[in-house]
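The structure appears below as C-alpha cells.
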Amino acid sequence: MASISVNHLLGIKDLQKSDLDIIFDTAVEFKQVINRPIKKVPSLRDITIANVFFENSTRTRLSFELAEKRLSADVINFSSSSSSVKKGETLLDTVKNILSMKVDIIVMRHSSPGAPHFLAKKIDAQVVNAGDGTHEHPTQALLDTFSIKEKLGDIEGKKVVIVGDISHSRVALSNIFALQKLGAEVKVCGPPTLIPKYIEEIGVKYEADIKKALVWCDIANILRIQLERQQAANFPSLREYSLYYGVNKRLLDSLDKEIVIMHPGPINRGVELDSDVADSDHSIILEQVENGVAVRMAVLYLLAQK
C-alpha cells in the first residue's frame with residue numbers, strides 16, 4: 001500500500017494532493033469494513049493510542065475512539081477537566097506522563113493554535129491534530145472532502161461556499177486548504193465581522209449575500225456560530241443572524257437547482273440551519289458522521305505504517 005508523506009497529521013497545509021488521494025482510497029476500504037456484520041480488523045492490534053482532549057468534544061472524540069477500536073488498537077482516554085492539568089501541570093509534562101505508559105500515537109485537541117505542532121517536535125510519538133484553537137481541524141476537512149467526492153464523484157471544478165463564522169472556525173481553514181488542493185473553487189459567506197481580513201490572500205472570494213452564494217455554489221458547508229470563541233459581539237443577535245444568513249427550506253426552494261448541504265456539527269437548529277433542511281434529501285450530514293469513522297481509521301492506519 002502507498003505511504004503518506006508525513007509522520008504526523010498536524011494540518012491539511014502540510015499534506016500533498018497525493019496524500020489526500022491515498023487517505024481517501026484507504027477510507028473507501030475501511031468504509032466497507034465498518035458496514036460488515038463484524039466491524040473489526042486487527043490492523044493496529046499492538047498499537048496504543050491516547051486521546052488527549054483539553055477541550056470539550058463529543059463527535060470528534062467518539063469518532064476517533066470508534067475508529068481506534070475498529071482497528072483493534074488499545075485506547076487510553078484523557079480529559080483535562082478531570083486531570084492534573086487543573087493542578088497546574090504543563091502540557092508537555094502531561095503528555096510525557098502518558099507516553100511513559102508506552103503510547104504510540106497521541107490524538108490531541110487543544111484550545112491553543114499550534115499546540116500539536118509544538119508537541120510533535122518534543123515527543124517520540126506520532127501526533128494527530130483533532131483541532132487546535134481557531135487554527136486547523138484536519139480530519140474534519142478530510143471527512144468533508146471525502147463526503148463530497150462520494151456524493152458528486154469528483155471535487156475538481158466544483159464550487160463550494162462555506163457559510164458562517166469563518167474567523168473562529170478551524171473547520172473553515174482546513175476545508176479551504178483541502179478543497180483548493182483538490183481543485184475546487186471556494187467562496188465564504190457570512191457577516192463581514194466574522195470574515196478574516198486575510199481571506200482573499202489565500203485565494204478565497206467573499207460573498208455577503210447568502211442567496212447569491214447559494215445560487216453560485218454546488219455545495220454549501222454551513223458552520224456553527226462559535227459563541228464560545230468570540231471575545232466580542234460580532235452581530236446583534238442570533239435571531240438577526242438567522243434572518244440574514246440562516247438556510248431554510250424557503251431559501252433552498254427559491255434556487256433553480258439542487259445543492260448539497262453539509263454541516264460539521266453540532267447544529268444550532270433554527271439558527272444557521274432549519275430542521276427541514278438539515279433532515280432533507282439535500283443534506284449529507286449523517287453521511288459525514290459515518291465517513292468520519294472511516295477517514296479517521298485510514299489516517300491512524302497510514303500513520304501507524306510509518
Exercise for the section: Tell me, yes or no, whether the range 103-116 has at least one residue that is more than 17 Å from LEU303 (Cβ to Cβ), free of Cβ contacts under 8 Å to residues at least 60 places away in the same chain, assigned to a loop (DSSP other than H, G, I, E, B) and not assigned by TED's automatic domain parsing to the domain that holds PHE30. Expected result: no
Completion exercise
Filtering the range 258-306 down to residues that are in contact with a Phe, Trp or Tyr (Cβ under 8 Å, 6 or more places away or on another chain) and more than 16 Å from VAL33 (Cα to Cα) yields VAL271, GLU272
Handout entry: Failed item, numbered, when ALA2 is tested on (1) buried (at least 21 other Cβ atoms within 10 Å of the Cβ); (2) over 24 Å from HIS117 (Cα atoms); (3) outside the structural domain of LYS102 (by TED's automatic domain parsing)
Key = (1)
Handout entry: Pair list, Cβ under 8 Å, 6 or more apart: the range 180-209 residue on the phi > 0 side of the Ramachandran plot and part of a loop (DSSP other than H, G, I, E, B), other residue exposed (fewer than 12 other Cβ atoms within 10 Å of the Cβ) and of a type in the set (Asp, Glu)
Key = GLY183/GLU156
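Report whether or not VAL299 is out of contact with any strand residue (DSSP E or B) (no Cβ under 6 Å at 6 or more places or on another chain), of a type in the set (A, V, I, L, M, F, W, C), under 22 Å from ASP19 (Cα atoms) and not assigned by TED's automatic domain parsing to the domain that holds ILE210. It would help to see each step written out before you state the result.
Working: out of contact with any strand residue (DSSP E or B) (no Cβ under 6 Å at 6 or more places or on another chain): no; of a type in the set (A, V, I, L, M, F, W, C): yes; under 22 Å from ASP19 (Cα atoms): yes; not assigned by TED's automatic domain parsing to the domain that holds ILE210: yes.
Spelling it out, it is not the case that VAL299 is out of contact with any strand residue (DSSP E or B) (no Cβ under 6 Å at 6 or more places or on another chain), of a type in the set (A, V, I, L, M, F, W, C), under 22 Å from ASP19 (Cα atoms) and not assigned by TED's automatic domain parsing to the domain that holds ILE210.
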Handout entry: Which numbered condition GLU290 misses (of (1) more than 15 Å from the chain's Cα centre (by Cα); (2) in a helix (DSSP H, G or I); (3) at pLDDT 95 or above)
Key = (1)
Practice task
Provide a single number: the residues in the range 251-306 that are in contact with a helix residue (DSSP H, G or I) (Cβ under 9 Å, 6 or more places away or on another chain) and touching a residue at least 60 places away in the same chain (Cβ under 8 Å).
Solution key: 23
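The values are calculated or read from the model by the stated rules, or taken from the named source; none is laboratory data. Quantities reported herein were computed from a predicted structural model and do not represent experimental measurements. Cβ atoms come from the backbone with ideal geometry, glycine included; neighbour counts cover every protein chain shown.
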